[in-house]
Structures are given as structure tokens and as C-alpha cells.
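A.B. asks: So that we are looking at the same thing, I have put the structure below in C-alpha cells.
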Amino acid sequence: MTESRVFRGVSGAFAALLSVIFLAPFCYVLLSSFWTGNGVNFMPYYDVFWAQSQYMLRFWRSLGLCLCVGLGQLFVSVLAGFGFAKCRFPGRDVIFFGLMILMVLPVQVTLVPNYIMMGQLGLLDSYLALILPLIFAPLGAFILRQSFASIPENIIDAAMLDGCGIPTIILKIAIPMNVSGLVCAFLLSFLDAWNMVEQPIAYLRNFNYYPLSVALAYVPPADVPIHLVCCILVVLPCFLLFAFFNQELVEGITLAEVK
Amino acid sequence: MRKKSSGYILIAPLVLGCLVFYLAPFLLVLRFSFSAGSGKSIRWVGLENYQRLIQNDSFALAFGNSMKFFAVGLPLIMVLAYLIALLMQKQTGRHKLLKSVFLFPYIMPVAGTVLLVDLFFSEMGLLNSLLNIMGLPAAQWMEGSSAFWVTIGLYLWKNVGYAIILLLAGLITIPSDQYESADLDGASTWQKFFFITTPQMWYSVFFALVFSIINGFKCFREIFLIGGQEPGDEIYMLQHFLNNSFESLNYASLSVSSILLLTAILIFFGVFYGFVNRKEAYRT
């Protein structure tokens, strides 16, 4: 439909306003991290990134943890997503629906039994207790199943006629065609892991092992500038990933609802 | 050639992992909710735990607060996202980056938002300073009933972008010639919205709702990090109750509250999903 000039102007202004609302807090934190009342001061940055190693140590540990989760979930979700999308077997839709229900469960519901189980497996107080449940979260499979469902059947049939087995099909056809879905699934599971709060508190006893997301809130540095720089540090990986992959993220989220 | 067995093999890792880490614990929780005692002295007590818990004051407060949070937050986020999606439809087509701007608060880590809330809403925070400059008295944002609205505001700011994108995706699939022919027939904006947009958007609305609920539960993280283990009465949510029961190893109340929570979720989803399916029945 054609829109009037007025509407276009108003909606443009509204878009700008929204952008300000959504971005302003982050810009404020960024600015005040090196701008104190007296001028530009980069000392807090030097402290956090170089002098006081505790922050960077926690940072690299958290990063390793989340990468493990992201890659692990990617692997499991690619297999499951392809299976749900392209293979026909009895009970497929029922199982998928069950997984959807599990996706909605808040963490606390399974926290206690997981705690008991980890205790019996001897995994408490180790990073495996954090990694394993997150690897098997259904969200990635959900997104990838929608994304793989859009692969045309005749391509797969042609490949099978040429004698490709399923692993080859996944590697050579499904994955290259759906890179944005894969990136989105990885990003979302990385974000989930980077933000996890309940699991470290429950499963880890040693405060030194706490990932960055929780540790910062528990022991806020008394120094406001250092606090702000830590905030920047926490945002940094997410921001970088987002800066490079925001198109894929948007596409992936949109894909999740294609019928 | 796409044998049944290959399907099962492919989904095996995920399903097995889910069984071990999500389903089995859930069944354990179910069993706990019907028993009392721990260790060797577990005995079946039927619905006694449920009765006791419903009469528990803390639980009633927590459950009521969580329901209030969703009853207020979900409609707000859906209306807000829908409005923004409708208004921004053309703008996002023109400026590709706009969708990413909408998602920006979502990727902000929990620790970051907690710091932000501290900066803005604490007693010496930004908002109070602004109020002081304007000569108005500073308010206690994080205490009492305003804490609830701060939480809602945080939930909206963080998650409205996700819902906007989902709704935008649905809006784009509606062919524009339907709107044009409606214009030719002299339909008002309201009529166009009701008779063209809404019937085709139910599926997208459902998805936006599902993900808003998932994100709403995740909002607990911020509340927990801001308010601590025993926050004020207004924002004492179900998950606080679960957490505290966890701390005191009160398996019974923990399990019952989890089951009740899940029942509420399932009922809501069942009803809404049935509603959406009925509305979408005319489409293949």
C-alpha cells in the first residue's frame, strides 16, 4: 500500500527513537567506562585487561566453557535436526513435540534431580556438569529442523542416486545450504551458556570456577570504573559475535516459524 | 532409502541426552512430588504434599507473583511488539540494520543488564539524579511496587526485539495485493487489520508468545542477581521459591512447585495451540 509522506516521516522518527532506547544504555556504559568527571581515563581498562589477571582468567575460562557448549550443541542439533526434517519414522512428530515442551521448561524444574545425578556421577564442581545439560538443549534442533526442512527433496534424491550416504548428504549438501541456521543455533546456545546463572550456583562449589556471568554480580568490584569496564568485558564476545553475524541471527530466528 | 533406522540413529544423541538430562530428572521430580522423607525413608503420600504446599504462604506469594508477572508482561510485550512491527514494516525493509538494533538488548549479557539497572535505578543512580535536577524527589525504584514495574520494564526492553522479529516475519508473508484491493473497496485501517492481518498472523503470534514465555522465565536471572535470594515481596517469584527450597533441600516443595508450574504452562499452551490450530484450519 502506498504510504503518505507524513507516515513515512513519523515512522522514521519512531524508528530512530527506538534505536536510541535500545542502544542508549550500552553507549552510556561504554562512554562512562573511560570518561570520568575529570576527563578521559584509560586506567581501568589497563587494570582489567592487563594488571589484575583475575578478570581475564575468568574471561578465558568462561569463553572456553561456552565454546564447548556451542560446538557440542551444534553437533547434536545438526544430526537431530536433519533426522527430524528429512527422515520419516513412526513417532517423529510426537517426539518432536515432546522436545518442544522440554524447551519451555525453566531451569529450576530439573535442577535438583540433575544435582543428585551429577553427585552420583562425581561430576559436581566440574565444568562438565555445566556443559553436558546445555549440549542437549532442544532449541538448536528446533531451529535447525525448520532450516533443513527447506532443502528441496529432489537434491537429496539425486544425491542418493549418486550413491551418497547420509553423512555425505549432511556434510556436503545440508550444512553448506543452511549456514545461517547453523550460525544462529550456535549463537543462541552460546548466549544461553554465557548467561547462565542458576547452574553454576547449584553445581559448582568452588567460587574460583564461577563463570563471568555470575562472578561479577557476586563480587562487584568496589571501583565504579572497574565495574564498568568489567561490564564491557562481559558484553564483548556477545557484541563481536553479534556484529559479525547479526544477519544470520535475524534469519535464523525468522526461520524458526516457517511452516 | 531414507530408512527408518537412519532417522532414529540421527536423532539418537539429542533424544538420549534429553532423556538423561531433562526427562529422567523430570520424572524423578514427579515421583518426589508424591512422596515424603528422603533417602531410605521415602514413602508414598499421594496428594498430601500438594495440599500442604498450596496452603504455604511463601508458595502462594511466589506463584501469584509469577502469574502476575506473566499476566502483565505477556500482553504488554505482545501488544508492544505487534505495534512496533506494524509501524516498522516499511522501515525495516529500507534499513536492514534496524532488525539487528531491535535484537541488541537481547544479546546483552545478564551481568551487563544487572550493572545497568544498578546504574540507572539505584539510589544514587542516573534516574534519581535526573529527578533531582528537575527538582522532584528521588524515588526508591528498587523497593516496593515499583520494583515490579522495573522488572517488567527490563523484561520488555530485553525481549521485545525477539517478538518484533517473529511478528515481522509473519507480516511479510501477507501479500500486499490483499491490502490494495481492500483499499479499492474502501476499507478502513481498522477493518484491514481485523480482516486481513489478524487471521493470517495467528501462527506468528503463537511463536512470539512461546518465545516470550521462555524469555520471561529467563528474566528470573536478572531478578535474582539484582534482588538476591530474599528479594522484596513484590518480586518474589516462583523461581526464588524453587531456589530457596533447593538451598534447604526441601525436595517435596521443590517438586510440587515444579509440577504445578509445568501444569500451568501445559494448560496455557494446550488451550492456545488448540485455538491457533482452529484458526489456521482453513490453510493447508
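A.B. asks: For A:GLY9, state whether it is surrounded by fewer than 12 Cβ atoms within 10 Å (Cβ to Cβ) and within 12 Å of chain B (Cβ to nearest Cβ).
C.D. replies: yes
A.B. asks: Taking segment B:96-115 only, how many residues are of a type outside the set (Val, Ile, Thr), facing another protein chain (nearest Cβ under 7 Å), open to solvent by 10 Å² or more (accessible area, probe 1.4 Å) and out of contact with any Gly (no Cβ under 9 Å at 6 or more places or on another chain)?
C.D. replies: The total comes to 2.
A.B. asks: Test A:GLY98 against the stated conditions and say whether it is more than 9 Å from chain B (Cβ to nearest Cβ), open to solvent by 20 Å² or more (accessible area, probe 1.4 Å), farther than 25 Å from A:LEU30 by Cα and modelled with pLDDT of 80 or more.
C.D. replies: no
A.B. asks: Continuing with the same structure: If you go through segment A:79-86 one residue at a time, do you hit one that is surrounded by fewer than 22 Cβ atoms within 10 Å (Cβ to Cβ) and more than 10 Å from chain B (Cβ to nearest Cβ)?
C.D. replies: No, segment A:79-86 contains no residue that is surrounded by fewer than 22 Cβ atoms within 10 Å (Cβ to Cβ) and more than 10 Å from chain B (Cβ to nearest Cβ).
A.B. asks: Do you know which residues across segment A:204-216 are open to solvent by 30 Å² or more (accessible area, probe 1.4 Å) and more than 14 Å from A:PHE59 (Cβ to Cβ)?
C.D. replies: A:ARG205, A:ASN206, A:PHE207
A.B. asks: Do you know which residues across segment A:229-247 are facing chain B (nearest Cβ under 7 Å) and either open to solvent by less than 20 Å² (accessible area, probe 1.4 Å) or of a type in the set (Lys, Arg) (or both)?
C.D. replies: The answer is A:CYS231, A:VAL234, A:VAL235, A:CYS238, A:PHE242.
A.B. asks: Suppose we filter A:PRO167, A:PRO176, A:PRO113 for residues that are within 21 Å of A:GLU251 (Cα to Cα) and free of Cβ contacts under 8 Å to residues at least 60 places away in the same chain; which single one remains?
C.D. replies: Of the residues listed, the single one that is within 21 Å of A:GLU251 (Cα to Cα) and free of Cβ contacts under 8 Å to residues at least 60 places away in the same chain is A:PRO176.
A.B. asks: Could you say whether any residue in segment B:180-187 is surrounded by 21 or more Cβ atoms within 10 Å (Cβ to Cβ) and touching a helix residue (DSSP H, G or I) at 6+ places or on another chain (Cβ under 7 Å)?
C.D. replies: No, the conditions are met nowhere in segment B:180-187.
A.B. asks: Within segment A:138-146, can one find any residue that is within 8 Å of chain B (Cβ to nearest Cβ), surrounded by 15 or more Cβ atoms within 10 Å (Cβ to Cβ) and not small (Gly, Ala, Ser)?
C.D. replies: Yes, segment A:138-146 contains at least one residue that is within 8 Å of chain B (Cβ to nearest Cβ), surrounded by 15 or more Cβ atoms within 10 Å (Cβ to Cβ) and not small (Gly, Ala, Ser).
A.B. asks: Just give me the residues in segment B:57-94 being modelled with pLDDT under 80 and facing another protein chain (nearest Cβ under 7 Å), in sequence order.
C.D. replies: B:LYS90, B:GLN91
A.B. asks: Starting from segment B:3-20, keep only residues that are facing chain A (nearest Cβ under 7 Å), then list their pairs with residues that are buried (at least 21 other Cβ atoms within 10 Å of the Cβ) and at pLDDT below 85 whose Cβ atoms are within a distance under 6 Å, requiring at least 6 positions of separation or different chains.
C.D. replies: Pairs that qualify, where the first residue is facing chain A (nearest Cβ under 7 Å) and the partner is buried (at least 21 other Cβ atoms within 10 Å of the Cβ) and at pLDDT below 85, are B:SER6/A:ILE166.
A.B. asks: Only one residue in B:ILE226, B:ILE267 is open to solvent by 50 Å² or more (accessible area, probe 1.4 Å), modelled with pLDDT of 75 or more and assigned to a helix (DSSP H, G or I). Which one?
C.D. replies: Matching residue, one of B:ILE226, B:ILE267: B:ILE267.
A.B. asks: Among the candidates A:LEU128, A:LEU121, which residue alone is within 20 Å of the chain's Cα centre (by Cα), more than 9 Å from chain B (Cβ to nearest Cβ), open to solvent by 30 Å² or more (accessible area, probe 1.4 Å) and more than 17 Å from A:ALA149 (Cα to Cα)?
C.D. replies: None of the others qualify; the one that does is A:LEU128.
Yes or no, residue by residue, for (1) hydrophobic (A, V, I, L, M, F, W, C); (2) modelled with pLDDT under 85:
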| site | (1), (2) |
| --- | --- |
| A:LEU130 | yes, no |
| A:ILE166 | yes, yes |
| A:MET177 | yes, yes |
| A:PHE186 | yes, no |
| A:GLN199 | no, yes |
| A:PRO211 | no, yes |
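The values are calculated or read from the model by the stated rules, or taken from the named source; none is laboratory data. These numbers were taken from a predicted model, which means no experiment stands behind them. Ideal geometry is used to build each Cβ from the backbone, glycine not excepted, and the neighbour counts take in all protein chains shown. Only protein heavy atoms, including side chains, enter the accessible area calculation; ligands, DNA and RNA are left aside. Shrake-Rupley method; radii C 1.70, N 1.55, O 1.52, S 1.80 Å.
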